[in-house]
Amino acid sequence: MKMQFIKVMFLLIIYVLSSHLYAKTFCIGHKNPDTDSVVSAILASKMYNCVPAIAGELNNETKFVLETLGIEPPEVITKHQVGNKVILVDHNSPTHAIDGLIKEDVIGIIDHHPFSGESFLKVGDPRVTHQVMGSTSTLIAQEMKMIAPQNAFDSSVARLIVAGIVSDTINLSSNATREADRKVLLKATAEAHFNEVGSRFDDFVLEMFKKKSDLSQLNEAQIIMNDWKRFDDQKMGFGVAQTVAPDELLTRKSELLLQMELIREQEGLEYVFFMVTDTRSVADPAYNKPLQSYFLVSNNREATMLTETFGDAVEDMGDNVFAVKTGQTSKKFNYAPELLNQIEQTSSHPGLSLIIDSQGKCANSVNVMMMMMHRL
Ligand SMILES: [Mn+2]
């Protein structure tokens with residue numbers, strides 16, 4: 001109870017600070033914004049009197065969410081102006097934040113990702129709200145309830161909360177899901193009144209999954225970097241595509257593999273991972289495969305690292321596809337930290353050696369190099 005009082009007081013202080021002291025305060029999500037990060041920025045803006053902002057273009061899923069709910073997309077900011085203040089939502093470190101951001105201008109962080117040494121503020125700092133759970137939207141929804149426990153969510157706020165949680169937790173199927181996510185989603189769904197926007201919860205969720213899966217307008221580099229994080233310390237890049245139609249995506253495998261090598265080159269990375277999560281079972285109960293993540297592997301370096309990290313759980317499915325059968329789906333809580341940990345412990349990187357040979361399109365490394373050079 002006492003902790004709760006302190007927390008409420010802290011939230012009020014941040015509110016007052018953000019509304020009076022500074023010329024402009026933004027609540028902003030991470031680069032390559034996803035639905036949770038955009039929704040969190042909008043929700044935070046309602047609590048802290050800050051301007052909601054996003055650090056890049058909206059993806060298909062988020063566009064659908066905002067259009068359906070009749071909500072204006074937040075302002076896009078890609079470069080920080082020193083002097084403006086920011087509350088970071090859904091991220092905590094410079095690698096994932098807008099360019100030019102300095103620690104002195106960060107007045108708060110609300111995030112569910114793990115914190116590392118490079119984070120702008122530390123867990124335990126009163127300006128930080130951090131809890132391990134499935135989405136930042138859950139975290140902010142909890143804070144809203146803390147301030148006004150007896151009030152129902154405004155229906156438009158409730159719909160946003162639903163979208164943020166459903167997106168980040170794969171509708172509560174991801175192993176990153178916590179009890180808090182279930183509780184808040186239940187409450188928000190009851191208060192969302194989807195009929196007011198001509199929809200139903202189930203249809204809305206299904207359409208979100210379909211929109212997330214629609215990668216047809218993107219080229220292969222954009223697909224890999226659509227949901228992408230860099231981890232500078234270990235020179236690792238990690239992209240994810242969640243799709244209800246993995247077979248459709250795999251028809252573009254040769255080009256995806258090639259692009260992974262190009263990205264390694266262009267971004268100066270040692271490791272490039274691209275994970276495809278088959279979410280069809282969530283959208284289609286008759287589908288007989290479980291929620292499962294696969295890695296597309298273009299190079300022996302990643303193949304070796306996957307095997308060293310996940311051991312017997314790794315299955316080489318052939319043709320550059322590796323399944324990791326740990327039952328996990330979460331990049332931020334499982335795959336990224338475990339791979340980073342393993343890379344850190346590896347004294348020298350295994351040599352680069354291309355294993356792209358699917359469909360004879362890039363039959364040998366000379367061909368691949370020629371194709372790469374052609375594209376540069
Ligand atoms: Mn998130």
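The values are calculated or read from the model by the stated rules, or taken from the named source; none is laboratory data. These figures come from a predicted structure and were not determined experimentally. Cβ sites come from the backbone with ideal geometry, for glycine too, and all protein chains shown count toward neighbours.
What to note about this one:
- Tallying residues that are modelled with pLDDT of 95 or more and in contact with a Cys (Cβ under 7 Å, 6 or more places away or on another chain) within segment 26-49 yields 5.
- Here segment 316-359 is the region considered, the condition is being closer than 15 Å to GLN292 by Cβ and of a type in the set (S, T, N, Q), and the residue that is surrounded by the most Cβ atoms within 10 Å (Cβ to Cβ) is THR329.
- In segment 201-229, the qualifying residues are those that are touching an Asp or Glu at 6+ places or on another chain (Cβ under 7 Å) and in contact (Cβ under 8 Å) with a residue 40 or more places away in the chain, and the one that is farthest from GLY268 (Cα to Cα) is MET208.
- Segment 308-346, subset β-branched (Val, Ile, Thr) and more than 30 Å from ARG178 (Cβ to Cβ), residue modelled with the lowest pLDDT: THR346
- Some residue of segment 38-46 being touching a residue at least 24 places away in the same chain (Cβ under 8 Å), in contact with an Asp or Glu (Cβ under 7 Å, 6 or more places away or on another chain), more than 27 Å from PHE194 (Cβ to Cβ) and within 16 Å of the ligand (Cβ to nearest atom): no
- Strands (runs of 3 or more DSSP E) completely within segment 223-291 that count 1 or more residues being polar (S, T, N, Q): 236-243, 271-278
- Evaluation of ASN226 against (1) more than 14 Å from VAL276 (Cβ to Cβ); (2) out of contact with any helix residue (DSSP H, G or I) (no Cβ under 7 Å at 6 or more places or on another chain); (3) surrounded by 14 or more Cβ atoms within 10 Å (Cβ to Cβ) (one fails), failing number: (1)
Table: residues versus (1) more than 16 Å from the ligand (Cβ to nearest atom); (2) at pLDDT 95 or above; (3) of a type outside the set (Phe, Trp, Tyr).
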{"position": "PHE5", "(1), (2), (3)": "yes, no, no"}
{"position": "PHE10", "(1), (2), (3)": "yes, no, no"}
{"position": "TYR15", "(1), (2), (3)": "yes, no, no"}
{"position": "SER19", "(1), (2), (3)": "yes, no, yes"}
{"position": "ALA55", "(1), (2), (3)": "no, yes, yes"}
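- Considering segment 134-168, the residues that are without any contact (Cβ under 8 Å) to a residue 40 or more places away in the chain and among the polar types (S, T, N, Q) include one that is farthest from the ligand (Cβ to nearest atom), namely GLN150.
- Which numbered condition THR329 fails, given (1) within 16 Å of the ligand (Cβ to nearest atom); (2) in a helix (DSSP H, G or I); (3) not hydrophobic (A, V, I, L, M, F, W, C): (2)
- Conditions (1) away from the ligand (no atom under 16 Å from the Cβ); (2) over 17 Å from ASP34 (Cβ atoms); (3) in contact with a Ser or Thr (Cβ under 8 Å, 6 or more places away or on another chain); number of the one not met by HIS80: (3)
- Residues that are under 17 Å from SER45 (Cβ atoms) and more than 16 Å from the ligand (Cβ to nearest atom) within segment 89-104 comprise just one, ILE98.
- Applying a threshold of 6 Å to beta carbon distances and a minimum spacing of six or more residues, or different chains, the list of pairs starting in segment 320-346 at a residue that is aromatic (Phe, Trp, Tyr) and ending at one that is within 15 Å of the ligand (Cβ to nearest atom) reads PHE333/ALA176.
- Scanning segment 212-222 for residues that are hydrophobic (A, V, I, L, M, F, W, C) and part of a loop (DSSP other than H, G, I, E, B) returns LEU215, LEU218.
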